[in-house]
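Since every read-out is calculated from the coordinates, none of them should be taken as a lab result. As the structure is a computational prediction, the values presented were derived from the model and not from experiment. Please note: Cβ atoms are built from the backbone with ideal geometry, for glycine as well, and neighbour counts cover all protein chains shown.
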Amino acid sequence: MPFGTADEAINPAKSIYLMTATLKNDYHSSYQPKAIVLHVERGAAADKADRINYTMDTLARAESDAAGTGNTYYLRMELEQGQYTVRSITGMVQSFPIIATFSAPLHAQLDAATPGVYYLGHVDATVRERVGNEFKAGPSIPLIDQAVAGASGGTFDVAVSDRWARDESEFKRRFPVLKSATIGKAILPAFDRPKAQAFWEAN
């Protein structure tokens, strides 16, 4: 992610996107997923180079050990001009002996047309009990781990909101280079659950 060090400058030729995300498990609240990767795809993602994986770093994490609280992340993307899809966030639970994987779908279109710094909003991705054939909050295998953590028996409710009034000060505290930057808004569209369902069924 950009701004991984205190002295890293803003690249004026790139589009920089900021967003926050909170992963929470209300279904099996003792197993709160921690984000490990934000997945972004360029265009049709025809080859490996078009699949961009932003790994969580120390500056991104605002995690809690309290059961039921959830974990929040301060995410940054640096993109060249083009059409992108903010695809998903992979999360993991590691609570001995359980190791489980979660995938919070986003499927949000993003047009990186003009260089600058932009805020995309806040994403709340909360696991609840799955009903019928709703997409799962994670893979089914390994069977026991995924079931115990609530990944295979749960689904994600996802909501996008404009929380800049709360997020601004923390972004600038964590990343001082943003204090002097002009930051615009490009709030992601509302979560499209039918699209997420169709993607899950096809993949």
Open item on the list: Any residue that is among the small types (Gly, Ala, Ser), more than 19 Å from SER103 (Cβ to Cβ) and in contact (Cβ under 8 Å) with a residue 60 or more places away in the chain - is there at least one of those in segment 65-79?
Closed with: no
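Of TYR54, TYR27, which residue is in contact (Cβ under 8 Å) with a residue 12 or more places away in the chain, farther than 20 Å from PRO189 by Cα, among the hydroxyl-bearing types (Ser, Thr, Tyr) and assigned to a loop (DSSP other than H, G, I, E, B)?
Details: TYR54 fails: assigned to a loop (DSSP other than H, G, I, E, B).
After applying the criteria, what remains is TYR27.
In segment 161-171, is there at least one residue being under 24 Å from TYR31 (Cα atoms) and either part of a helix (DSSP H, G or I) or out of contact with any helix residue (DSSP H, G or I) (no Cβ under 9 Å at 6 or more places or on another chain) (or both)? Let's see the steps before the verdict.
Filtering segment 161-171 for residues under 24 Å from TYR31 (Cα atoms) gives none.
No, segment 161-171 contains no residue that is under 24 Å from TYR31 (Cα atoms) and either part of a helix (DSSP H, G or I) or out of contact with any helix residue (DSSP H, G or I) (no Cβ under 9 Å at 6 or more places or on another chain) (or both).
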Open item on the list: I'd like to know if segment 56-73 contains one or more residues that are aromatic (Phe, Trp, Tyr), in contact with a strand residue (DSSP E or B) (Cβ under 6 Å, 6 or more places away or on another chain) and farther than 28 Å from ALA202 by Cα.
Closed with: yes
TODO: Starting from residues that are of a type in the set (Phe, Trp, Tyr) and either more than 29 Å from ASP162 (Cβ to Cβ) or assigned to a strand (DSSP E or B) (or both), keep the ones in segment 89-146 and report whichever is farthest from the chain's Cα centre (by Cα).
DONE: PHE96
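Does segment 32-51 hold any residues that are free of Cβ contacts under 8 Å to residues at least 24 places away in the same chain and assigned to a strand (DSSP E or B), and which are they? Break it down into steps so the answer makes sense when it comes.
We begin by selecting, within segment 32-51, every residue free of Cβ contacts under 8 Å to residues at least 24 places away in the same chain; these are 44, 46-51.
The one that is free of Cβ contacts under 8 Å to residues at least 24 places away in the same chain and assigned to a strand (DSSP E or B): ARG51.
If you go through segment 110-136 one residue at a time, how many are closer than 15 Å to ILE16 by Cα and not β-branched (Val, Ile, Thr)? Steps first, answer last, please.
Initial filter on segment 110-136 (closer than 15 Å to ILE16 by Cα): 110-121.
Cutting the leftovers down to not β-branched (Val, Ile, Thr) gives us 110-113, 115-116, 118-121.
Number satisfying all stated conditions: 10.
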- [ ] Only residues that are farther than 30 Å from ALA149 by Cβ and in a loop (DSSP other than H, G, I, E, B): list them for segment 1-24, please.
- [x] PRO2, PHE3, THR5, ALA6, ASP7, GLU8, ALA9, ILE10, ASN11, PRO12, ALA13, LYS14
